[in-house]
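Q: Dropping the structure in here first, questions after.
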Amino acid sequence: MTQEKLVEIQELVKHFPIKRGLFSREVGSVKAVNGVTLDIYKGETLGLVGESGCGKSTLGRSLIRLIEPTSGEIRFGGKDILKYSSRELRQARRQMQIIFQDPYASLNPRMTIGSIIGEPLTIHKLVTSKKEKVDRVVELLHEVGLRPDVLNRYPHEFSGGQRQRIGIARAIALKPEFIVCDEPVSALDVSIQAQVINLLSDLQQKFKLTYLFIAHDLKVVEYISNRVAVMYLGEIVELAKSEDIYRDPKHPYTQALLSAIPVPDPKAKKQRILLKGDVPSPINLPSGCPFHTRCHYKIVDRCKTEHPPLRELAPDHWVSCHLAE
């Protein structure tokens, strides 16, 4: 049975202009997202991993137009949302939400918890009375494991884990189909991370949600994701089912990332792949394969001059590498 596509991304590009001088002349650009093509299927969790600065958050925020892409297509439910007017986009936002990385910065410190969670309901006119709004907020608090007596308290009165639960309650308030989870547990204590991950999984099952789950922690991504996309310098370099990525990574960058995962047994021997050099600047990308300057494979001239296409090496296992087999 063919899975239904919810989000279709075609050649998505986001470049941030660099301007200098008295007249703010454009002298270059930061190539944050550089031609990403990707599908996200209904009901799945697609993990997105990569080093800091590779463009993960920019891609996630571009998908719901918190950041305006430079070019490309983003189809949500078959319609290109980049062509939406502001009014159409506002309606579409009911179906697309985001959970931010920093639970401290993402909540307005001057608003009560009831106001923060209830604000989307008011904006989209989903409640007709104050009582109905309060009842809905209490219901949402219950869904994320918080008591209703926190309604009139302020964000500074809560721990990081509790604040992230409030952010999750706000994200599901409009009953969306698609949620971008932008590193939702990276700012939390390890003891709290598992609770939030399990909460997200439970909510996905209950409300039939689709997630783009952005993270640094590869073990968390393995646990929650159906498929994993690996990003490097603004491009997807490998895409496959979660078990295939972790069992048999094909791209040299993915192999290096997975070799860095700590193992529980200190006596277990694990070969660590150390990448040479630093990540190239997204202002001045390398020619050919963007990873060739750090690759541990035996580099050939083709790697330096020809950009590798994303090709299917095994069923549903896509890799952007000339030498991968």
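The values are calculated or read from the model by the stated rules, or taken from the named source; none is laboratory data. The structure presented is a predicted model; accordingly, all values stated were derived computationally and were not measured. All Cβ positions, even for glycine, are placed from backbone atoms using ideal geometry, and neighbour counts span all protein chains on display.
Let's see how each residue does on (1) without any contact (Cβ under 8 Å) to a residue 60 or more places away in the chain; (2) assigned to a loop (DSSP other than H, G, I, E, B):
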| position | (1), (2) |
| --- | --- |
| VAL134 | yes, no |
| VAL137 | yes, no |
| LEU141 | yes, no |
| ARG153 | yes, yes |
| ILE166 | no, no |
| VAL180 | no, no |
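Q: Going by the structure shown, is VAL279 in a strand (DSSP E or B) and under 22 Å from the mean Cα position of the chain (by Cα)? First the steps, then the outcome.
A: Numbers: in a strand (DSSP E or B): no; under 22 Å from the mean Cα position of the chain (by Cα): yes.
Judged against the criteria, VAL279 is not a match.
Q: Take VAL13 and tell me if it is surrounded by fewer than 12 Cβ atoms within 10 Å (Cβ to Cβ), within 28 Å of CYS289 (Cα to Cα), free of Cβ contacts under 8 Å to residues at least 60 places away in the same chain and among the aliphatic types (A, V, I, L, M).
A: Numbers: surrounded by fewer than 12 Cβ atoms within 10 Å (Cβ to Cβ): no; within 28 Å of CYS289 (Cα to Cα): yes; free of Cβ contacts under 8 Å to residues at least 60 places away in the same chain: yes; among the aliphatic types (A, V, I, L, M): yes.
Spelling it out, it is not the case that VAL13 is surrounded by fewer than 12 Cβ atoms within 10 Å (Cβ to Cβ), within 28 Å of CYS289 (Cα to Cα), free of Cβ contacts under 8 Å to residues at least 60 places away in the same chain and among the aliphatic types (A, V, I, L, M).
Q: Look at segment 234-249 and say how many of its residues are surrounded by 23 or more Cβ atoms within 10 Å (Cβ to Cβ) and over 15 Å from ILE214 (Cβ atoms).
A: Total meeting the criteria: 5.
Q: ARG87 - would you say it is assigned to a helix (DSSP H, G or I), among the charged types (D, E, K, R), touching a residue at least 60 places away in the same chain (Cβ under 8 Å) and under 19 Å from PRO176 (Cα atoms)? Working first, answer last.
A: Details: assigned to a helix (DSSP H, G or I): yes; among the charged types (D, E, K, R): yes; touching a residue at least 60 places away in the same chain (Cβ under 8 Å): no; under 19 Å from PRO176 (Cα atoms): yes.
No; evaluated as a whole, the condition is false for this residue.
Q: If you go through segment 91-148 one residue at a time, how many are in contact with a helix residue (DSSP H, G or I) (Cβ under 9 Å, 6 or more places away or on another chain) and at positive phi?
A: 1
Q: Given VAL221, VAL230, which one is crowded, with 18+ Cβ neighbours inside 10 Å, in contact with a strand residue (DSSP E or B) (Cβ under 6 Å, 6 or more places away or on another chain) and in a helix (DSSP H, G or I)?
A: Working: VAL230 fails: in a helix (DSSP H, G or I).
Going through VAL221, VAL230 in turn, the sole match is VAL221.
Q: Out of LYS14, LYS31, report the one residue that is in contact with a Gly (Cβ under 6 Å, 6 or more places away or on another chain), of a type outside the set (Gly, Ala, Ser), under 29 Å from VAL220 (Cβ atoms) and not in a loop (DSSP other than H, G, I, E, B). Full working, then the answer.
A: Numbers: LYS14 fails: in contact with a Gly (Cβ under 6 Å, 6 or more places away or on another chain).
Of the residues listed, the single one that is in contact with a Gly (Cβ under 6 Å, 6 or more places away or on another chain), of a type outside the set (Gly, Ala, Ser), under 29 Å from VAL220 (Cβ atoms) and not in a loop (DSSP other than H, G, I, E, B) is LYS31.
Q: In segment 112-160, what residues are surrounded by fewer than 16 Cβ atoms within 10 Å (Cβ to Cβ), at pLDDT below 95, farther than 22 Å from ASP102 by Cβ and under 28 Å from the mean Cα position of the chain (by Cα)?
A: Selection gives THR122, ILE123, HIS124.
Q: Can you work out which of the residues in segment 282-292 that are within 19 Å of VAL230 (Cβ to Cβ) and more than 22 Å from the chain's Cα centre (by Cα) is surrounded by the most Cβ atoms within 10 Å (Cβ to Cβ)?
A: So, considering only residues that are within 19 Å of VAL230 (Cβ to Cβ) and more than 22 Å from the chain's Cα centre (by Cα), the one surrounded by the most Cβ atoms within 10 Å (Cβ to Cβ) is CYS289.
Q: Evaluate the following for VAL180: is it buried (at least 17 other Cβ atoms within 10 Å of the Cβ) and either among the basic types (Lys, Arg) or modelled with pLDDT under 95 (or both)? It would help to see each step written out before you state the result.
A: Numbers: buried (at least 17 other Cβ atoms within 10 Å of the Cβ): yes; either among the basic types (Lys, Arg) or modelled with pLDDT under 95 (or both): no.
The answer is no for VAL180.
Q: Sort through THR254, THR293 and tell me the only one that's part of a helix (DSSP H, G or I), without any contact (Cβ under 8 Å) to a residue 60 or more places away in the chain and of a type outside the set (Phe, Trp, Tyr). Break it down into steps so the answer makes sense when it comes.
A: Working: THR293 fails: part of a helix (DSSP H, G or I).
On inspection, the qualifying residue turns out to be THR254.
Q: Hey, another quick one. Within segment 192-205, which residues are in contact (Cβ under 8 Å) with a residue 12 or more places away in the chain and more than 17 Å from the chain's Cα centre (by Cα)? Quick ask: steps written out before the conclusion?
A: First pass over segment 192-205, keeping only residues in contact (Cβ under 8 Å) with a residue 12 or more places away in the chain: 192-193, 195-197, 199-201, 203-204.
Across segment 192-205, the qualifying residues are ILE192, GLN195, LEU199, LEU203.
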